[in-house]
Amino acid sequence: MTTALLFRDDAYLAETPATVLAVNERGGIELDKTVFYATGGGQPGDAGLLRRADGTTITIGSAIYDPQDRSRVLHVPLEGQSAPQPGEAVTAVLDWERRLKRMRIHTALHLLSVVLPFPVTGGAIGDGDGRLDFDIPEGGLDKVEIAEKLNALIARNAAVTERWITDAELDANPGLVKTMSVQPPRGSGRIRLVAIGDIDLQPCGGTHVRNTAEIGLVAVTDIEKKGKQNRRIRIALA
């Protein structure tokens, strides 16, 4: 069985009943369905807990894809947690405050790629902060100016929506992919596109807010030179 990824259809679903399918030799817990985002695309795996029928809980530090089968998600418990049994019914519950911060900053990073329309060479999402690396020729970048443009896009209160296209459709529109080092996952025959109003459209499997208004104000905290043409832009929720 594969893990049903409920966060792809509803990033605001904070918990779900689920059934334990297996527990591997390292303690990773596989469920039949999950609200936990598994580490990927620069976004860390969600933390939270599994609530058992007797009311006790198993604290989950992160979620990852099974290295042997990426159709399965493993929920990684903190050390010292008791292991559930296959077939056991549990409720998977997100650390929602942490997830929401990541959703807000992830959506803001999409908009940052509009403010700076250069190839993206890397990125990372944190708990209320994040960064993108750009292939930018030598030239002045101003933190205040970038922040003003970014917050102006956020203030447009644009809806954030998703739709799916085929691999062939993506191949016919290669300009949709902004990242140089990471390509959208393939194999299922379809690719998830995230649209922010008429501002941005790009493939992404992560979690986002429903409207840019939910991001709030954002500050550009640092601009780093990481190579001859590589610039790292760091942002944070204000």
Q: Please work out how many pairs of lysine residues in the chain are eight or more positions apart (or on different chains) and have Cα atoms closer than 28 angstrom.
A: 17
Q: Describe numerically, in nm with one decimal, the distance between label points set 7 Å from Cα along Cα→Cβ at Thr166 and at Ala152.
A: 4.0
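Given a Förster distance of 22 angstrom, what is the FRET efficiency for Leu5 paired with Ala195, based on the Cβ-Cβ distance and rounded to 0.05?
Computed FRET efficiency for Leu5 and Ala195: 0.65.
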Q | DSSP bridge orientation in the chain - percent antiparallel, rounded to nearest 5 | A | 95
Q | Distance between the stretch 57-114 and the stretch 196-235 - C-alpha centres, whole angstrom | A | 22
**Q.** Helix-only CD estimate at 222 nm, as mean residue ellipticity for the chain, using -39500 (n - 2.57) per DSSP H run (n ≥ 4)
**A.** -5000 deg cm²/dmol
Q) Relative contact order (percent) for the stretch 1-152, with alpha-carbon contacts under 8 angstrom and 6 or more residues of separation? A) 22
Q | Top of Ala152, Ala124, Ala63 by mean-square fluctuation, Gaussian network on the chain, Cα under 10 Å | A | Ala152
Q) Considering the chain as a Gaussian network with a 10 Å cut-off on Cα pairs, which listed residue, Gly140, Gly216, Gly40, attains the greatest mean-square fluctuation? A) Gly140
Q | Accessible surface ranking that places the most exposed of Asp46, Asp127, Asp66, Asp171 first, with a 1.4 angstrom probe | A | Asp171, Asp127, Asp66, Asp46
Q) Using a simple spin-label model with points 7 Å from Cα along the Cα→Cβ vector, what separation in nm is obtained for Leu217 and Leu237? A) 1.5
Q) On a 0 to 90 degree scale, rounded to 10, what angle separates helix 143-154 from the longest Cα axis of the chain? A) 60
Q: Measure nothing fancy, just the Cα-based angle from helix 96-115's long axis to the longest principal axis of the chain, in degrees from 0 to 90, nearest 10.
A: 30
Q | Shape call, the stretch 105-226: gyration tensor on alpha carbons, a/c limit 1.5 | A | oblate
**Q.** Cα gyration tensor, the stretch 1-90 - rounded (a/c under 1.5), prolate or oblate
**A.** rounded
Q | Computed label-point distance, nm, for sites Arg26 and Val114 using a 7 Å Cα→Cβ extension | A | 3.8
Q) Counting pairs of alpha carbon atoms under 8 Å apart in space and at least six apart in sequence, what relative contact order in percent does the stretch 22-78 give? A) 33
Q: Quick one: accessible surface of Arg231, probe radius 1.4 Å, all protein chains present, in square angstrom to the nearest 10.
A: 10
Q: For the chain, set up a Gaussian network in which alpha carbons nearer than 10 Å are linked by springs, and say which option among Ile64, Ile165, Ile191 fluctuates the most.
A: Ile165
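The values are calculated or read from the model by the stated rules, or taken from the named source; none is laboratory data. As the structure is a computational prediction, the values presented were derived from the model and not from experiment. With ideal geometry, Cβ positions are generated from the backbone for all residues, glycine too; neighbour counts draw on all protein chains shown. When the accessible area is computed, the model is the full protein with side chains, heavy atoms only, and any ligands, DNA or RNA have been set aside. Shrake-Rupley method; radii C 1.70, N 1.55, O 1.52, S 1.80 Å.
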